[in-house]
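Beneath this line is the structure, given in structure tokens, with notes to follow.
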Amino acid sequence: MSEQVLGRKIMQTGQAATGRSFRADGRTAIVTGAGQGLGRAFALALAAEGATIIVAELNEDRGRAVVKEINDAGARAHFVKTDVACAEACRNMADTTLRKTGRIDILINNAGIFSTLEMRPFEEIPDAEWDQVLRVNVTGAFLCSKAVVGAMKGAGWGRIVHLASGAVTLGRPNYLHYIASKSALAGMAKSMARELGGFGITVNAMLPGATFTEIERKTVSPEQKTVIVGSQCIKRPEAPEDLIGAMLFLCSEHSEFVTGQQVNVDGGATHL
Ligand SMILES: NC(=O)c1ccc[n+]([C@@H]2O[C@H](COP(=O)([O-])OP(=O)(O)OC[C@H]3O[C@@H](n4cnc5c(N)ncnc54)[C@H](O)[C@@H]3O)[C@@H](O)[C@H]2O)c1
């Protein structure tokens, strides 16, 4: 296509000549752990782009509050109480989504044990806590992906995004179970992308930097926050809104040829 024809088509349709859109009208997006923090931000942003949102969250009060927020704004959302660490709950999440909306286009594996973590040397991490973090953060993403992949394969289209972390590239100390879990997710994105590329399904990992949400947490002290901001090319604290553009891209038609990638969104703190 010549540049002139391409330019005319863009102006006529308001859309790229590829016919692809950043909008998510008519699509259904499951966002796990969307009751607060980043998951809530992703849910609100995808709802604003036209998707019906399934808030798949363990905390019922918080999950329902986000659904109300979306519905009150005139968009569509449903709550499905989900413990991502439980296979039956993940299957119920997928079945309920299909019953309510007839499709599953997007899965954001965002739920994780994160803001409640205590920082400590790895030899002091209780074995049971290690098991729980791996169970929720890694097995949870596996179980949710497994539960939705049939519907995506049937439709010949899907977007799966795992929330890994920029901490993986830095190897931040004192939460080894968390780092192990997020490293696993980055690896899983590559391998799942290989298995699903032939079905029109992309799988990517997003690696946020330290992102300051409405939730207090112990994993970054005020002193560490100053060091983190100083390490970035863009010297201000990262906010949930900073992740939205990349997330919408990864969930959109425009990311069709982007799969198995680790997408760093951290103000330039790290370079892969
Ligand atoms: N905020 C950051 O700086 C940052 C940076 C890198 C990666 N991440 C990752 O992004 C994701 C969201 O981060 P956040 O800051 O919003 O975390 P958060 O701890 O504030 O929120 C986690 C959410 O997951 C839910 N959840 C926990 N266990 C669950 C389970 N078993 N089943 C279903 N839901 C469950 C919680 O109820 C909560 O709503 C996490 O996976 C986190 O590891 C966060």
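Please treat every number below as a calculation from the coordinates, not as lab data. Note that this is a predicted model, so its numbers are computed, not measured. So basically every Cβ, Gly included, is an ideal-geometry build from the backbone, and we count neighbours across all protein chains shown.
Model label points for E256 and S21, set 7 angstrom from Cα along the Cα-to-Cβ axis, are 1.5 nm apart. The longest part of the chain holding none of the exposed loop GluC sites (Glu not before Pro), meaning those outside H, G, I, E and B in DSSP with at most 14 other Cβ atoms within 10 Å, is 1-117.
Among residues other than A205 with Cβ under 12 Å from its Cβ, the summed charge is +2 (Lys and Arg +1, Asp and Glu -1). Using the Cβ-Cβ distance between F212 and E124 with R0 = 25 Å, the FRET efficiency computed as 1/(1 + (r/R0)^6) comes to roughly 0.40.
For the pair N71 and E241 in one chain, pulling the backbone fully straight at 0.36 nm per residue adds 59.2 nm over the alpha carbon distance. Other residues with beta-carbon under 11 Å from the beta-carbon of G166 carry, at +1 per Lys or Arg and -1 per Asp or Glu, a net charge of 0. Using a Förster distance of 45 Å, how high is the FRET efficiency between L170 and R99, based on the Cβ-Cβ distance and rounded to 0.05? The pair L170/R99 has a calculated efficiency of 0.60.
Counting only pairs 8 or more places apart or on different chains, how many lysine pairs in the chain have C-alpha atoms closer than 30 Å? Taking the chain as the scope, the lysine pair count is 22.
Charges on Cβ only, +1 for Lys and Arg, -1 for Asp and Glu, centred on the Cα centroid of the stretch 22-265; of I228, T97, F199, which one is farthest towards the dipole's positive end? Ranked along the dipole, the leading option is F199. Between helix 87-101 and the chain there is an angle of about 30 degrees, using the helix long axis and the longest principal axis of the Cα atoms. Once the Cα atoms are used to define both axes, helix 37-48 deviates from the longest principal axis of the chain by about 10 degrees.
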